[in-house]
1. From the backbone phi of the range 180-192, what are the Karplus-calculated ³J(HN,Hα) couplings (6.51 cos²θ - 1.76 cosθ + 1.60, θ = phi - 60°) in whole Hz, Gly and Pro given as x?
2. Sequence-distant or interchain residues sharing an amide H contact under 5 Å with residue 320, placed H: which?
3. Using modelled backbone amide H atoms (1.01 Å from N, in-plane), which distant-in-sequence or interchain residues come within less than 5 Å of residue 17's amide H?
4. Give a residue-ordered list of calculated ³J(HN,Hα) values for the range 321-338 (Karplus: 6.51 cos²θ - 1.76 cosθ + 1.60, θ = phi - 60°; whole Hz; x for Gly, Pro).
5. Round to the nearest 0.05 the FRET efficiency obtained for residue 205 and residue 33 when R0 = 25 Å and r is the Cβ-Cβ distance.
6. Just report the Cα centroid separation between the range 270-299 and the range 132-196, whole Å.
7. I need the phi-derived Karplus couplings for the range 149-164: 6.51 cos²θ - 1.76 cosθ + 1.60, θ = phi - 60°, integer Hz, Gly and Pro marked x.
8. Which label marks the calculated value of Kirkwood radius over Cα pairs in Å, given the options [x] 26.6; [y] 21.8; [z] 22.8?
Amino acid sequence: MIFTSIILPIGPYHPALKEAAFFKVEVKGERIVGADLKVGYNHRGIEGLATKKTYHQNIFLCERVCGICSHCHSTCYCQTVEDLAGIEAPARARYVRTIVAELERLHSHFLWFGVAMHVIGYDTAFMHMWKERENIMQAIETITGKRVNYAVNTIGGVRRDVTPEIIPYLQAQLVKIRSAASKIGEFVTEDSVIKARAKDVGVLDKTTAKKMCVVGPTARASGVELDIRKDDPYAAYSELDWNIVTRPEGDVLARVIVRLGEIFQSISITEQALRNLPEGEIALEEVQEFPAREAFDRVEAHRGELVYYIRSNGTNIPERVKIRTPSFMNNPALPSMLVDESIADVPLIVASIDPCYSCTDRVVVVDIGKNRSFTTTLDKLARRRC
């Protein structure tokens, strides 16, 4: 039987998508022969708001770019402002930032595992993973007093300390987390249903991954050894012993295994940081002067490289704040992962890169000749047809 291709729209609001995005999928029968992606349905104006608030007020604004990456954003923002002001956070503060960052990475990866199992239809595993994630949330709450948007960072250090009294509790929680991760590893790597759904599905080869400039676990699962914690160390990462986790296959299963390996690396990093926590202050005196200059900094968020750029005009309010999230780099690779796959695999392939559309949607395309702004698809933007 000869099939003619048809266009199957998925989104922008769809049960398989947690956020608004539109996939235009061209199919022949059940097989995908072409795909395009359109985002831009949720523009919150955070970069504009950042130029209306003071440097210190923006710490709490940047935490709200993404709830799962709250600490990553405030860390990157504070580091960028510290570069701007020519200061460096104390050693103890850098270790506290590392501890909270890795606990947050554990929280994000456990959450992702749960969502991935739910997409597959393995709801027992989904509930088990979110139950175990509670140990991580309790550890974060013990340090920060909060479970989301932790308000730990400040310019020149941190606002919360890891006191000697809570270290034994945190170490006990890490033992529980490691045990839970070992159980996850057993059924993720051995379960026949997961292998059938994830192996050789949504392949992104190393060459394409480099060409598309993907970052984070998505890049590392395609054999690209890229991690800002190693390549451009910040906080306390250069003083700790850990490895970059990579896989060569580039399929959904590889992205699962990379995140699993990163869970164990994060546990090890956190344990080392707790053991080696230096004495001293956790913050400098409040910074009052911000020279008229530019600054750029980056961190390794859970989805990959997160970049902040700030331009100062010498006042206590930034003139420009630009944020480039990991999903901005990873989302364009999705259409190439979908081609030659089955329609039923679309939700899992999309979920495998852990996309965040809301934290990406700050770009507005403006036609200055016609004085209009609009959204567009990747295909039209690439062909300059918009």
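Just so it is clear, none of the values below were taken in a lab; they were calculated from the coordinates. Since the structure is predicted, the reported quantities are computational estimates derived from the model, not experimental observations. We place every Cβ from the backbone using ideal geometry, glycine too, and count neighbours over all the protein chains shown.
1. After applying 6.51 cos²θ - 1.76 cosθ + 1.60, I find 5, 5, 5, 5, 4, x, 4, 7, 5, 8, 10, 5, 5 Hz.
2. HN-HN under 5 Å from residue 320: 311.
3. Result for residue 17 returns nothing.
4. 10, 10, 10, 10, 8, x, 5, 4, 8, 7, 4, x, 7, 4, x, 5, 6, 7
5. The computed FRET efficiency comes out at 0.85.
6. Centre-to-centre distance over Cα atoms comes out at 22 Å.
7. With coefficients 6.51, -1.76 and 1.60, one gets 6, 6, 6, 8, 7, 9, 5, x, x, 10, 9, 10, 10, 9, 7, x Hz.
8. Of the listed options [x] 26.6; [y] 21.8; [z] 22.8, [y] comes from this structure.
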